[in-house]
Amino acid sequence: MNVFRSPLRCAVFGASGGIGAALAMALAARDEVSEVHAGSRSGAALHSAKVHPFAFDLTDEASIAKACAAIGATLDIVIVATGRLTRADGSGPEKSWRALSGAGMAELFAINTIGPALIAKYTLPLLRRDDRAVFAALSARVGSISDNRLGGWHGYRASKAALNMLVKNIALELARTHPQALAVTLHPGTVDTALSAPFQRGVSPGKLFTPEISAAALLAVLDGLRPQHSGGLFAWDGAEVPF
Ligand SMILES: NC(=O)c1ccc[n+]([C@@H]2O[C@H](COP(=O)([O-])OP(=O)(O)OC[C@H]3O[C@@H](n4cnc5c(N)ncnc54)[C@H](OP(=O)(O)O)[C@@H]3O)[C@@H](O)[C@H]2O)c1
């Protein structure tokens, strides 16, 4: 169902990732979408005439500012599909507080919390004001504090909980200038990507989604959300996850 006015300009940050690439291609396949700006560290292209690649790094604010200036207004949909579960050296996630390290937590917060917040800083001014607009960042159910019954994965959980808070804050502020807009976080399910590959043992095949299935589900969820849902964390099946 197209709940937007056509044609739509979209931006996906993290288009080299499993879910991000699937989201960019699923958006490009929609008739109402005219262009998808697809960002990654390498700036690599995706195979669609509607997809325009760009380069950025979450840890380099100037690169985000430059990319957003080049994309320009007006944007209808912004999706942040970046994220890290393990450190760049492959270690983690922490199973115990004994494994905590300042450098490890700083690394995950830089990627999972601060980077997406900086993307919001430079994309929210580009969002359409006179019609529906969406800012969505991929978070994780494990970032829900009230849903946490297992513990572990300290840096990842905490960085996603902080992301959920930042997007809630952004939603409240955005509503003042963009009454038809929404800013949400999304839980994509357990998805077969590089991020989850080392942790898929024990996940039953029916519960491990392809990136394409997850992307289609997430776009359907976004289609169904209204401004009153802004600020929330929503799972792939449309259920709101309590913070
Ligand atoms: N897969 C799951 O089961 C699952 C479950 C719950 C939540 N999630 C969340 O879903 C999101 C997408 O995950 P995924 O499974 O698609 O992971 P993925 O395939 O590993 O993709 C991660 C993306 O993040 C980008 N990224 C990492 N560091 C970056 C940096 N410094 N600057 C710019 N981009 C950077 C990667 O770009 P490069 O290619 O340049 O490294 C890549 O595009 C994440 O937020 C993740 O936490 C995933």
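No value in this document is a laboratory result; all are computed from the given coordinates. What you are looking at is a predicted structure, and each value in this text was computed from that prediction instead of being measured. Note that each Cβ is placed from the backbone with ideal geometry, even for glycine, and that neighbours are counted across all protein chains shown.
For the reader, a short list of remarks on this structure follows.
- Measuring between alpha carbons in the structure, the pairs from Lys95/Lys121; Lys168/Lys207; Lys66/Lys168 lying more than 30 angstrom apart are Lys95/Lys121.
- Using alpha-carbon coordinates, inclination of helix 154-177 to the longest axis of the chain, degrees: 20 degrees
- For the chain, the longest principal axis of the C-alpha atoms and the axis of helix 61-71 are separated by about 30°.
- Residue order, fewest to most beta carbons within 10 Å, for Tyr156, Tyr122: Tyr122, Tyr156
- Amide H partners (placed H, <5 Å) of Thr82, local residues excluded: Leu138
- By the beta-carbon count within 10 Å of each Cβ, the least crowded to most crowded order of Ile77, Ile170, Ile19, fewest first, is Ile170, Ile77, Ile19.
- Estimated translational D of region 56-188 in µm²/s (Stokes, Kirkwood radius over Cα pairs; 37 °C; 0.692 mPa s): 212 µm²/s
- Karplus-based coupling profile of region 122-136, in residue order and whole Hz: 9, 9, 4, x, 8, 5, 4, 9, 9, 7, 4, 8, 10, 10, 10, with θ = phi - 60° in 6.51 cos²θ - 1.76 cosθ + 1.60 and x standing for Gly or Pro.
- Placing pseudo-labels 7 Å out from each Cα toward the beta carbon at Lys121 and Asp60 gives an inter-label distance of 1.6 nm.
- Region 28-36 - phi-based ³J(HN,Hα) in whole Hz, Karplus 6.51/-1.76/1.60, Gly and Pro as x: 4, 6, 7, 4, 6, 8, 9, 8, 10
- Amide H contacts under 5 Å for Val184: Phe135, Ala136, Ala137, Gly231, restricted to partners 5 or more places along the chain or on a different chain, H placed in the peptide plane at 1.01 Å from N.
- GNM result for the chain, Cα springs below 10 Å: residue of Asp130, Asp89, Asp76 fluctuating most strongly: Asp89
- Förster radius 25 Å - calculated FRET efficiency between Phe243 and Ala106 (Cβ-Cβ, nearest 0.05): 0.60
- Close amide H pairs (under 5 Å, H built 1.01 Å from N) link Ala11 with His37, Ile77, Val78, Ile79, residues at least 5 positions away or on another chain.
- Loop sites in region 1-86: trypsin sites (Lys or Arg not before Pro), DSSP, at most 15 other Cβ within 10 Å: Arg5, Arg41
- From the Kirkwood radius over Cα pairs of the chain, Stokes-Einstein at 25 °C and 0.890 mPa s returns a whole-number translational diffusion coefficient of 137 µm²/s.
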